[in-house]
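Q: The structure's right below; bear with me while I get my questions together.
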Amino acid sequence: MNHFHRGPDGELWAEDVPLRRIADAVGTPTYVYSRATLTRHFQVFDAAWSGVDHLVCYAVKACSNLAVLNVLARLGAGFDIVSGGELARVLAAGGDPAKIVFSGVGKTAEEIEAALTAGILCVNVESAAELEQIDVVAARLGVRAPISVRVNPDVDPKTHPYIATGLKRNKFGIPWAEARATYRRAAELEHIEVVGLDFHIGSQLKETGPLVEAIDRAIELVDALTADGLAIHHLDVGGGLGITYNEEAPPSPAEYATTLIERLGDRPLRVVTEPGRVIVGNAGVMLMRCLLTKRNGETDFVVVDAGMNDALRPALYDAWHGIEPVGVPADATQVVDVVGPVCESGDFFARDRVMPAVAAGDLLAMRSAGAYGFAMASNYNSRRRPAEVLVDGDRFYVVRDREAITDLFAGEHLLPET
């Protein structure tokens, strides 16, 4: 459920605010998030695990705006981070460092030091080399680093290959056959404290079968490590639960949690989860305005003021996003390609899409844009990144200003005159 709906005037609203009012005040393209939707999605996901000791760590990479992070921190969320920058964001947003897990295959010594200094819950180790590096950093700081080994279970998540992370050909995690040896090595290191086991098989998961296969392998390993004398306090099952963009029917949070809880039995494990898209994906839309329409050959184009630099998923993954007029939809329909002004043929948001007729000046909303929307935005073609707005009931707040033209080259320098 989300709180984007047609209001009494027939136009598209976010909670109690007409989206047209936001576009008139802030301009386009602009990302708009709903606080009520963020709250509902987090609470539904968290409640699904209420039968077991658990911690829901929101995956910051999905949408890292400080206001979004602050809303979730106030709800008690933990956070899954993948960089020192994300750590700084979470702390600036009021996140509890004791609820942070640090993932990623390429952490620098500086990032590890910042995480250990902050006192985070756990560093998810993704290679034997990284384990040694963490021990060196922890020794320098005079602390023991809490770690969890991210094990690659070699399970096909049946998702887009770019967001599959649990196959042996992927760069993530430690191979299954090397996991016990890695844990034994961790137990030998003076400045390492083993606290958990972690896996994550991919994103936009649409069925529970691959997850069951992965968690069964993980539990088998937990039991083996316990027999080896290693105490595993938590099991991090990753994230990746899918959402509905078009006609997908992913498991509900309750079905997802129940399926995994059943596999745990009576083992005294805390469950850590890393949801991102399922929390924020349908809590956001991107507003854009039609600049013009044109026809090339047999194709009708709707050219909008947003581009692939503002929302990359369609170009990168050929991803489907709903696109609809913010105003009352016209009765007449058309088959169009919705494209942006970036100088790439891959700069599109929809192809051969049947939608209500659109004219120059019309305001459009791209649905399901909260996750991996602004987070993947860039300045390609020297375009300014969009503004971000958070709606709270009948009010809205600009939570990121639109970049100024001068922001595009701030920090750049000319060569001296010779």
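Taken together, the values in this text are just the output of simple stated rules run on the coordinates, not laboratory data. Just so it is clear, the structure is predicted and the values come from calculations on it, not from any experiment. Heads up, the Cβs are rebuilt from the backbone with ideal geometry, glycines too, and the neighbour counts pull from every protein chain shown.
Q: Could you list all residues from the stretch 234-244 that are under 19 Å from residue 206 (Cα atoms) and either surrounded by fewer than 19 Cβ atoms within 10 Å (Cβ to Cβ) or among the aliphatic types (A, V, I, L, M) (or both)?
A: 237, 241, 243, 244
Q: Only residues in the stretch 79-90 that are touching a residue at least 12 places away in the same chain (Cβ under 8 Å) count as the first member; pair them with residues that are assigned to a helix (DSSP H, G or I) and not aliphatic (A, V, I, L, M), Cβ under 6 angstrom, at least 6 apart or cross-chain, and list the lot.
A: Taking only residues 6 or more apart or on different chains, the pairs are 82/61; 84/111.
Q: Hey, among the residues in the stretch 1-56 that are aromatic (Phe, Trp, Tyr), in contact (Cβ under 8 Å) with a residue 40 or more places away in the chain and in contact with a Phe, Trp or Tyr (Cβ under 8 Å, 6 or more places away or on another chain), which one's nearest to residue 328 (Cα to Cα)? Outline the logic, then answer.
A: In the first step, residues of the stretch 1-56 are kept if they are aromatic (Phe, Trp, Tyr); the result is 4, 13, 31, 33, 42, 45, 49.
Now restrict to residues that are in contact (Cβ under 8 Å) with a residue 40 or more places away in the chain: 4, 31, 33, 42, 45, 49.
Narrowing further to those that are in contact with a Phe, Trp or Tyr (Cβ under 8 Å, 6 or more places away or on another chain): 4, 31, 42.
On the way: 4: 14, 31: 20, 42: 31 Å.
Only one residue fits best here, namely 4.
Q: Only one residue in 221, 230 is in contact with a helix residue (DSSP H, G or I) (Cβ under 9 Å, 6 or more places away or on another chain), among the hydrophobic types (A, V, I, L, M, F, W, C) and not in a loop (DSSP other than H, G, I, E, B), so which one is that? Explain how you work it out, then say what you get.
A: On the way: 230 fails: not in a loop (DSSP other than H, G, I, E, B).
Testing whether each residue is in contact with a helix residue (DSSP H, G or I) (Cβ under 9 Å, 6 or more places away or on another chain), among the hydrophobic types (A, V, I, L, M, F, W, C) and not in a loop (DSSP other than H, G, I, E, B) leaves just 221.
Q: Right, next: So the check is Cβ under 9 Å with 6+ separation or different chains; which pairs have a first residue in the stretch 274-289 that's part of a loop (DSSP other than H, G, I, E, B) and a second one that's among the charged types (D, E, K, R)?
A: Short answer, once both residue conditions are applied: 274/80; 274/198; 274/236; 275/80; 276/61; 276/80.
Q: When you scan the stretch 90-114, how many residues do you find that are among the small types (Gly, Ala, Ser) and more than 20 Å from the chain's Cα centre (by Cα)?
A: Count: 3.
Q: Of the residues 231, 186, which single one is crowded, with 18+ Cβ neighbours inside 10 Å and out of contact with any Lys or Arg (no Cβ under 9 Å at 6 or more places or on another chain)?
A: On inspection, the qualifying residue turns out to be 186.
Q: Pick out, from the stretch 320-418, the strands (runs of 3 or more DSSP E) lying fully within it that include 1 or more residues that are touching a residue at least 24 places away in the same chain (Cβ under 8 Å) and among the polar types (S, T, N, Q).
A: Ranges flagged: 333-339.
Q: In the stretch 100-126, which residue that is touching a residue at least 40 places away in the same chain (Cβ under 8 Å) and not hydroxyl-bearing (Ser, Thr, Tyr) is farthest from residue 194 (Cα to Cα)? Spell out the reasoning first.
A: Our first condition is that a residue be touching a residue at least 40 places away in the same chain (Cβ under 8 Å); within the stretch 100-126, this holds for 100-101, 103, 105, 121-122, 124-126.
Checking which are not hydroxyl-bearing (Ser, Thr, Tyr) leaves us with 100-101, 105, 121-122, 124-126.
Working: 100: 16, 101: 14, 105: 18, 121: 11, 122: 9, 124: 10, 125: 10, 126: 14 Å.
Step by step, filter the stretch 100-126, then rank; the result is 105.
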